[in-house]
Amino acid sequence: MGKQLAAVLGTGQTHYVAKRHDVSMSGLVREAIDRALADADVGWDDIDAVVIGKAPDLFEGVMMPELGMVDAIGATGKPMLRVHTAGSVGGSTANVAASLVQAGVHRRVLAVAWEKQSESNAMWALSTPVPFTMPVGAGAGGYFAPHVRSYIRRSGAPEHIGAMVAVKDRLNGAKNPYAHLKQPDITLESVQASQMLWDPIRYDETCPSSDGACAVVIGDEDSAAAVEAQGRGVAWIHATAMRTEPTTYAGRDQVNPEAGRMAAAALWRAAGITDPLTEIDCAEIYVPFSWFEPMWLENLGFTPERSGWKLTESGETALGGQLPVNMSGGVLSSNPIGASGMIRFAEAAMQVMHRAGEHQVDGARKALGHAYGGGSQYFSMWVVGSDRPER
């Protein structure tokens, strides 16, 4: 029958906060699911399968929590799959759900991802256990800081670039009603004055620890046409890509990982894009530490190597710039790890459906959603558009 077209029909998110003690994990995901179903204007009977994603179970201290959540996520009597690709899992989950529709296996699939970090401690879950502790072994920041320093040395980027990204993303987050951190008064000086955590990463250049969930409803061509017939937009999925590589191997480049370059090349090729900087209207990129914006701009092929920071410094990644990045505030403003990748994918979809509210990019018709995970070794991404793609 050949590959089918698929589209995001609706998205749903919870408000992201440090601690959601008022709900269980089941209650948390149900909030996002209910909002996604309402946004897509579908009911439970319209959903054929459920695909869920979250980060490692140690982050919440519950082994395979999905087994007790089947009823809450509407999977009773339906196929349910769990995806796990470390921090990129939210994006991978959306891609797996899309593939089920594109393959003609199901007409409508619900994808949901979440994290309830308040019930455990993600930093120590990511650390090398005592007595085998390394000097940089405390959480993700300790792992990635040397790569950031390598990028600065390699590219010649000035030291204020990281602070610029933090200011931009937190100002964007102040426009997003779901964002965890809202800092409308943040300045370059205040970021530079914040505590150094892992040189060169300062406190205000890091992501928060959030509780929250995100869901998307993905439908086939007929389902999308029915939404469009009501005068509402959908986010057509133009291309998806996922690639992986080992955590360590001889000659591995953790500043500009090969798996990320391979995934981006496959994505642009599948989407028929030859110049991403001019053909993509906006991008939601997984940036948990501010310096990863210029690093991923290069990895994704938006700029030549060693020049991503120049696009950031020019202001072109801000709202109103040539390539707005992380209009929602990004991972720097909200970080429920298991859901963070799906939030990037959902926010990209919201842009091309023109449902992004105060952080909407004017005229956005084609957007990138991106996620990475592990030791920069798992990558997932998609391109969504307002217009139906060619077969």
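The values are calculated or read from the model by the stated rules, or taken from the named source; none is laboratory data. Model, not experiment: these values are computed from the prediction. Every residue, glycine as well, gets a Cβ built from its backbone with ideal geometry; the counts of neighbours run over all protein chains shown. Heavy atoms of the whole protein, side chains included, go into the accessibility calculation; ligands, DNA and RNA do not. Shrake-Rupley method; radii C 1.70, N 1.55, O 1.52, S 1.80 Å.
Which trypsin sites (Lys or Arg not before Pro) in the stretch 5-39 pass both tests, a DSSP loop state and at most 15 other beta-carbon atoms within 10 Å?
Passing sites in the stretch 5-39 are K19.
Just reorder D253, D45, D199 by solvent-accessible area, largest first, 1.4 Å probe, all chains present.
Largest to smallest exposure gives the sequence D45, D199, D253.
Using the Karplus curve 6.51 cos²θ - 1.76 cosθ + 1.60 with θ = phi - 60°, work out ³J(HN,Hα) for each residue of the stretch 345-360 in order, rounded to whole Hz, and write x for Gly and Pro.
My calculation for the stretch 345-360 gives 5, 5, 5, 4, 5, 4, 5, 7, 8, 6, 10, 9, x, 5, 9, 6 Hz in order.
Viscosity 1.567 mPa s, temperature 4 °C: what is the translational diffusion coefficient of the stretch 40-192 from Stokes-Einstein with a Kirkwood Rh over Cα pairs, rounded to a whole number of µm²/s?
It diffuses with D of about 68 µm²/s by this estimate.
Over what distance in Å are the Cα centres of the stretch 261-304 and the stretch 180-209 separated?
If we compute the Cα centre of each part, the gap is 24 Å.
Holding the Cα-Cα limit at 26 Å, pick out from K168/K310; K3/K366; K3/K78; K19/K182; K116/K366; K54/K168 the pairs that are longer than that.
On the way: K168/K310 15 Å; K3/K366 21 Å; K3/K78 23 Å; K19/K182 16 Å; K116/K366 32 Å; K54/K168 28 Å.
Beyond 26 Å: K116/K366; K54/K168.
Output the peptides 262-272, 242-252 sorted from most to least packed, where packing is the average of other Cβ atoms within 10 Å over each peptide's residues.
Sorting 262-272, 242-252 by mean packing, highest first, produces 262-272, 242-252.
Taking amide H positions as placed in the peptide plane 1.01 Å from N, state which residues far from I285 in sequence (5 or more) or on other chains have amide H under 5 Å from it.
For I285, the qualifying residues are N326.
Using the charge dipole of the stretch 294-391 (Lys, Arg: +1 at Cβ; Asp, Glu: -1 at Cβ; taken about the Cα centre), state which of G321, W296, S307 has its Cα farthest towards the positive end.
Positive-end residue among those listed: W296.
Give the Cα extents of the stretch 192-291 along the principal axes, in whole Å, largest first.
On the principal axes, the stretch 192-291 reaches 53, 34, 27 Å in Cα extent.
For the stretch 153-166, in order, what is each residue's ³J(HN,Hα) by Karplus, 6.51 cos²θ - 1.76 cosθ + 1.60 with θ = phi - 60°, in whole Hz (x at glycine and Pro)?
Couplings: 5, 5, 8, x, 5, x, 5, 7, 4, x, 5, 4, 4, 4 Hz.
Per DSSP H run of n ≥ 4, the term is -39500 (n - 2.57); total these for the chain, divide by its residue number, and report the mean residue ellipticity at 222 nm rounded to 500 deg cm²/dmol.
-9500 deg cm²/dmol
So how do R232, R108 rank on accessible area, 1.4 Å probe, biggest first, that is with the largest at the start?
In descending accessible area the options line up as R232, R108.
For the stretch 305-319, take each phi angle, set θ = phi - 60°, evaluate the Karplus expression 6.51 cos²θ - 1.76 cosθ + 1.60, and give the result in whole Hz per residue in order, putting x for glycine and proline.
3J(HN,Hα) across the stretch 305-319, in whole Hz: 4, 6, 10, x, 4, 5, 5, 5, 4, 6, x, 6, 9, 7, 4.
For A239, which sequence-distant residues (separation of 5 or more, or a different chain) have an amide H within less than 5 Å of its own amide H, given hydrogens modelled in the peptide plane?
It is V383, by chain and number.
Where does each of M196, M342 land when they are ordered by accessible area, with a 1.4 Å probe and the largest first? Walk me through the numbers on the way to the answer.
Values: M196 75, M342 0 Å².
So, going from the largest accessible area down, we get M196, M342.
Tell me the net charge near R154. Cut-off is 11 Å between Cβ atoms, R154 excluded, with +1 for each Lys or Arg and -1 for each Asp or Glu.
Values: positive: R149, R153, R306; negative: D253, E298, E305.
So the environment of R154 carries a net charge of 0.
For the chain, with a Gaussian network of springs between Cα atoms less than 10 Å apart, report the residue from I237, I337, I161 with the top mean-square fluctuation.
I161
Taking 37 °C and 0.692 mPa s as the conditions, I'd like the Stokes-Einstein D for the stretch 1-120 in µm²/s, using the Kirkwood hydrodynamic radius from alpha carbon pairs.
222 µm²/s
What figure, in Å² to the nearest 10, do you get for the accessible area of W198 with a 1.4 Å probe and non-protein molecules left out?
Number for this one is 60 Å².
What Kirkwood radius, in Å to one decimal, follows from the Cα pairs of the stretch 141-234? List each step's numbers first, then the result.
On the way: mean 1/r = 0.0613 Å⁻¹.
One decimal place: 16.3 Å for the Kirkwood radius.
For the stretch 236-345, take the alpha-carbon Rg, divide it by the Kirkwood Rh, and send me Rg/Rh.
Values: Rg = 13.8 Å, Rh = 14.7 Å.
Computed over Cα atoms, the ratio is 0.94.
I'd like the carbon and sulfur percentage of the solvent accessible area for the chain, probe radius 1.4 Å, heavy atoms only, ligands and nucleic acids excluded.
Numbers: 7900 of 14600 Å².
The value for the chain is 54 percent carbon and sulfur by accessible area.
Please state the charge dipole magnitude for the stretch 223-294, taken about the Cα centre, from unit charges on C-beta atoms (+1 on K and R, -1 on D and E), reported in debye and rounded to the nearest 20. List each step's numbers first, then the result.
Working: 5 positive and 9 negative charges, 45 e Å.
Charge dipole of the stretch 223-294: 220 debye, to the nearest 20.
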